[in-house]
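Engineer: Supplied in structure tokens, the structure appears directly below.
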């Protein structure tokens, strides 16, 4: 096949995936990204001499497309995947509980962990097991009520929802069960916990995201022949006969096919004019924030790679201590999903709330000195995974031949995750490639 030009707009996981797919098929690809780096919503930066990630992005063993992308770009060495699902759950004034899957086949692999889970009563544990079996039969296309309403209707107490169901719902949906779509909640539990025993094993990013995604992606794209243009703002795309004009602030690009892989609030303004009326529906997807609290202590306070908190404002806390630190300091990061309250709080207010909260969960933190305290905020980290969003998420294929959409907000069936972003990139590249082959 002769070289054919495609332009990918956006250098996040979705855009990188699409660009590599097209380059693999002998397409002449240009990727443009408005920022000075790749990675999109998964990035890191330096503050106070410390490399901080904008968020504590995790993935599961079932996130096959994202894991394949890491393998492709050489980022897998910076991540760690559990050999068996294990979540330490901390509660002020109580012994830690451990949610750890057994070696039984699904769904029995979760039974022993539930029966031993000390942060719920015996009756609540049995009720959780019954509800989980019923959840396995819920159609993920159901988008007419909240996950929390369904759980309550199936005997789940407020404490069971807060101390167990939200441990999974919050980090994957970026909303608590009380606000999240039933369909997306069902999908997460079915795909990650109920279909396969190993599917829910958790992967974490041990190195900074810039070293795992951003820099390796740039090297891989360039080795694959992709023309990567950073600090290049795409203003609009218009059709010019059978081709597309991608207009930028300084110059324009001509393409046979275009993949638009930017966040949904920005997408409508860039799309071809004939799509912009339909794109107004994207605004209904809304957004949900994520806040991360970064604390460096003068001593070791957390004994786990990560842990969940219940009866505490701390949702999850991660050990992010750099591998090259050779003293007693420890860097921990608190991840707060669906953080509508916290995103509006000043840094000092967050410090007043979360330093004592960490001391309640981690007793050694009470006597430790805080060396660094920092906060990162993503005001529009994901689309809002509430009921009604399924109908608003567009497919990769648009009504304009050769123009495709990508991003975790598109209709991947997955919530707004790294896996959803990677899958959307594959889908968009397929749409663009189909058009190119027909030229």
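Engineer: What is the chain's relative contact order, in percent, from Cα pairs under 8 angstrom and six or more apart in sequence?
Structural biologist: On the way: 969 pairs, mean separation 101.5, N = 439.
Over the chain, the number comes to 23 percent.
Engineer: Most fluctuating residue of 381, 26, 255 in a GNM of the chain with Cα springs under 10 Å: which is it?
Structural biologist: Largest GNM mean-square fluctuation: 26.
Engineer: Going by alpha carbons, how many degrees (0 to 90, nearest 10) lie between the helix axis of 347-361 and the longest principal axis of the chain?
Structural biologist: Helix 347-361 sits roughly 50 degrees off the main axis of the chain.
Engineer: Still on this model: Neighbouring Cβ atoms within 10 Å as the yardstick, rank 147, 306, 189 fewest first.
Structural biologist: The most exposed by this proxy come first: 306, 189, 147.
Engineer: Right, next: Taking the simple approach of a point 7 Å from Cα along Cα-to-Cβ for both residue 251 and residue 48, what is their distance in nm?
Structural biologist: Modelled inter-label distance: 4.3 nm.
Engineer: Can you work out D for region 86-198 in µm² s⁻¹ from Stokes-Einstein, where Rh is the Kirkwood radius over C-alpha pairs, the temperature is 20 °C and the viscosity is 1.002 mPa s? Don't skip to the end; give the middle numbers.
Structural biologist: On the way: Rh = 14.1 Å.
Reported coefficient: 152 µm²/s.
Engineer: Please rank 254, 389, 376, fewest neighbouring Cβ atoms within 10 Å first, as an exposure proxy.
Structural biologist: The fewest-first ordering by Cβ neighbours comes to 254, 376, 389.
Engineer: Another question, if that's okay. Using the count of nearby Cβ atoms within 10 Å as a rough guide to exposure, how do 395, 273 rank from fewest to most?
Structural biologist: 273, 395
Engineer: Can you give the angle from 0 to 90° between the axis of helix 13-24 and the longest principal axis of the chain, with both taken from C-alpha atoms, to the nearest 10?
Structural biologist: Compared with the principal axis, the helix lies near 40 degrees.
Engineer: Does anyone have the angle between helix 122-135 and the longest principal axis of the chain? Alpha-carbon axes, 0 to 90°, nearest 10?
Structural biologist: Helix 122-135 sits roughly 20 degrees off the main axis of the chain.
Engineer: Does region 1-112 classify as rounded, prolate or oblate by the C-alpha gyration tensor (a ≥ b ≥ c root eigenvalues; a/c under 1.5 gives rounded; else a/b over b/c gives prolate, otherwise oblate)?
Structural biologist: It comes out oblate by the Cα gyration axes.
Engineer: Using Cα springs under 10 Å in a Gaussian network model of the chain, which residue among 38, 285, 341 shows the largest mean-square fluctuation?
Structural biologist: Of 38, 285, 341, the Gaussian network model singles out 341 as fluctuating most.
Engineer: As a test of the formula, what do you get for the chain when each DSSP H run with n ≥ 4 contributes -39,500 (n - 2.57) and the sum is divided by the residue count, at 222 nm and rounded to the nearest 500 deg cm²/dmol?
Structural biologist: -8000 deg cm²/dmol
Engineer: If I build a Gaussian network model for the chain, linking alpha-carbon pairs within less than 10 angstrom, which residue out of 407, 183, 49 has the largest mean-square fluctuation?
Structural biologist: 49
Only the coordinates and a few stated rules stand behind these numbers; no lab work does. Computed from a predicted model, the values in this text were never measured in an experiment. As a convention, Cβ positions derive from the backbone with ideal geometry for all residues, glycine included, and neighbour counts pool all protein chains shown.
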